[in-house]
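The structure appears right after this line, and notes come after that.
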Amino acid sequence: MENLESLEQRYPLVKEMKENIPVFWENPDYLRTVTFPIKGVGPEIITDAKERLQRFEPVLRTLFPEMEDGIVSPITEVPSMKKELEMFYQSKINGKLLLKRDDLLPVAGSIKARGGFHEVLAFTENLAIKTGLISTINDDYRILLTEKARKILSQYTISVGSTGNLGLSIGMIGSALGYRVAVHMSADAKEWKKNLLRKNGVKVVEHPSDYSQAVEKARNESDQAANSYFVDDEQSPLLFAGYAGAVHEVQEQLEKRGLKVSSEQPLYVYLPCGVGGGPGGVAFGLKTVFGEHVHCFFAEPTHSPCMLLGLMTNLHNHISVQDIGLDNKTEADGLAVGRASAFVGEIMENLLSGVYTITDDELLSLLYLLEKSEGIFLEPSALSGMKGPIKHSQKNPNAIHLVWGTGGSLVPEQMRDDFIMKGKQFYQNESFK
Ligand SMILES: *Cc1c(COP(=O)(O)O)cnc(C)c1O
C-alpha cells in the first residue's frame, strides 16, 4: 500500500474514516445496467444453487424438522420503525420500509444459512458421487442419512474460519451430516456461539487474532491435513451462489405484496457487510433479476469499513482497515472484518451503488428502537442496514426500501436484554444525532 498521506490526498474520505466518523460513499463506477457474466460469474449460479438445495430438501427436513419450508425467511413491513427512524435522524423516508428477516432462517439463525448450507451440500454431493453413495444427481439423497454413508462422511473434516455465524452455520449442518467439523474462531466470536458448537460436537479452535488471521490459520491447517475440506469465506463461489439464491424468494415475496419493481417503483436494498460474500451474493442475485430498477448499498461499522476501503481505492484485499489506523473492534461481531474479499469486491466494482458506515452507538440505538417499535430483536450487525433509507433519502414516494436483517434469533435471552438496555442508554444520550 502507498503511504497514508498520499492515500488521503487521492481519497479525501479516508480522513473521516480514520477518525471513525460515519461516511457515505457513492460508487463513481456504478452502472445501472450491468452485463453478466461478471469476472466469469453468471446468473446460472443461482439456478444451480436452487436446484441443489431442492435435491437436498428431503435430507434437510429429516435432519431438521424446522426446515420444513426450506431455507426461506419472511419479509415484513415495519411502519412503526420507519416513524422512529424519521424522528431519530430528523429526516423523512419516502416510500415503504421492509425488513428481510434472515434472523429467522432455520438452524443457523442468520444469513449464513444460505451460503454455508449450500457449500456443505455441494461438497457432500460431489463426495457422494465420488464414493459411489449415489450414482447420479437424480438418486434419492436420503441414502446419505444411512449408517453406511455416515461412516464415509465421518472420515472427512470440514473446516472454516469465522467471526461466529458462518462457523455456526457450517458447524450445525456439517455435524448433523456426520462430518468432523473444525471451526476457527476469531477473537470477536461470542462465547455462546462457541458453546453451542461444542455442544453439537464441533471442534472449536480459538484464535487471539482477528478474522483474517483466523481464516488464514484455518486454511493452512486444512491444506496440510488429509481428507479436509476448507470453506473459504474470503473467496468462495459456492458460498456466494448460496447467498445469491435469495433473489427468487424476494421476487416472489414482493409480488405477493403487490409490489412490482420498476422505474416508477425502484427497489433500494441495504446490506450489512463483513468480508462481502453474503451481501455481495445477494446484490448479485438481485441485479440479475431486477436489473436497472434495483440499487444495492452495503453498510459497515465505522471501525471496520473494509469493503468501502477496498472498493474506493480499487486495492480490494491489498488494503486493510488497520492500514489507515483503525482497530477493527466493533459490537457488530459479524462485521468485524479488516480486509475484504477480493473475489467479491471485483464483482461489485460496477454493480454496487455505494457503501456507508455507521457507529456502534447508532447500531445499538437502532437495535433498541426496532425492539421497542416492532418487537423485533436483531443482533447488532444486522441493524447496520437500517440507516440506509436515511443515508439515501429518496424523493420517490413509491420507493421500496428493503433492509436486510441478517441475524439474531439465536442470541441468548440474557444477551438480548443487555443489548437492548445498552441501546436504550445510547438512544437517550442524543449527543451524536
Ligand atoms: C456474516 C454476517 C454478515 C455479513 O456477511 P459477510 O459475508 O461477512 O459480508 C452480516 N450480518 C451478519 C449477522 C452476519 O453474520
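The values are calculated or read from the model by the stated rules, or taken from the named source; none is laboratory data. Everything numeric in this text was worked out from a predicted model, so none of it was measured. Glycine also receives a Cβ, built like all others from the backbone with ideal geometry; neighbour counts cover every protein chain displayed. Heads up: the accessible areas ignore ligands, DNA and RNA and are worked out on the full protein's heavy atoms, side chains in. Shrake-Rupley method; radii C 1.70, N 1.55, O 1.52, S 1.80 Å.
A few notes on this one:
Table: residues versus (1) outside any loop (DSSP other than H, G, I, E, B); (2) among the acidic types (Asp, Glu); (3) farther than 22 Å from residue 239 by Cβ; (4) outside the structural domain of residue 379 (by TED's automatic domain parsing).
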| residue | (1), (2), (3), (4) |
| --- | --- |
| 317 | yes, no, no, no |
| 326 | no, no, yes, no |
| 329 | no, no, yes, no |
| 334 | yes, no, no, no |
| 337 | no, no, no, no |
| 345 | yes, no, no, no |
| 352 | no, no, no, no |
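- Test result for residue 211, within 16 Å of the ligand (Cβ to nearest atom) and open to solvent by less than 60 Å² (accessible area, probe 1.4 Å): yes
- Residue list for segment 171-184, restricted to those being surrounded by 24 or more Cβ atoms within 10 Å (Cβ to Cβ), in contact with a helix residue (DSSP H, G or I) (Cβ under 7 Å, 6 or more places away or on another chain) and more than 12 Å from residue 60 (Cα to Cα): 171, 179, 181, 183, 184
- Being open to solvent by 10 Å² or more (accessible area, probe 1.4 Å), without any contact (Cβ under 8 Å) to a residue 24 or more places away in the chain and among the charged types (D, E, K, R) holds for only one residue in 252, 234, and it is 252.
- Close contacts from segment 155-175, counting a first residue that is farther than 17 Å from residue 219 by Cα and in a helix (DSSP H, G or I) and a second that is basic (Lys, Arg) and open to solvent by less than 10 Å² (accessible area, probe 1.4 Å), with Cβ to Cβ under 8 Å and a gap of 6+ residues or different chains, come to 165/193; 168/193.
- For residue 103, the conditions (1) assigned to a helix (DSSP H, G or I); (2) buried (at least 24 other Cβ atoms within 10 Å of the Cβ); (3) touching a Gly at 6+ places or on another chain (Cβ under 7 Å); (4) not aliphatic (A, V, I, L, M) all hold with the exception of (2).
- Counting the residues of segment 96-129 that are away from the ligand (no atom under 16 Å from the Cβ) and in contact with a Lys or Arg (Cβ under 9 Å, 6 or more places away or on another chain) gives 6.
- Listing of helices (runs of 4 or more DSSP H) fully contained in segment 1-84 that carry 3 or more residues being under 21 Å from the mean Cα position of the chain (by Cα) and under 23 Å from residue 291 (Cα atoms): 44-63
- Out of 231, 294, 261, 269, one residue alone is farther than 24 Å from residue 35 by Cα, more than 10 Å from the ligand (Cβ to nearest atom) and not small (Gly, Ala, Ser). It is 231.
- Pairs where the first residue, in segment 53-73, is over 21 Å from residue 100 (Cβ atoms) and the second is open to solvent by 80 Å² or more (accessible area, probe 1.4 Å) and of a type outside the set (A, V, I, L, M, F, W, C), C-beta under 7 Å, 6+ apart: 58/142; 59/142; 61/68; 62/142
- Scan of segment 394-425 for residues that are at pLDDT 95 or above, away from the ligand (no atom under 16 Å from the Cβ) and surrounded by fewer than 21 Cβ atoms within 10 Å (Cβ to Cβ), ordered by number: 413, 414, 417, 418, 420, 421, 422, 424, 425
- Yes/no for residue 391 being open to solvent by 10 Å² or more (accessible area, probe 1.4 Å), away from the ligand (no atom under 16 Å from the Cβ) and in the same structural domain as residue 253 (by TED's automatic domain parsing): yes
- Test for residue 163: is it out of contact with any His (no Cβ under 7 Å at 6 or more places or on another chain) and more than 16 Å from the ligand (Cβ to nearest atom): no
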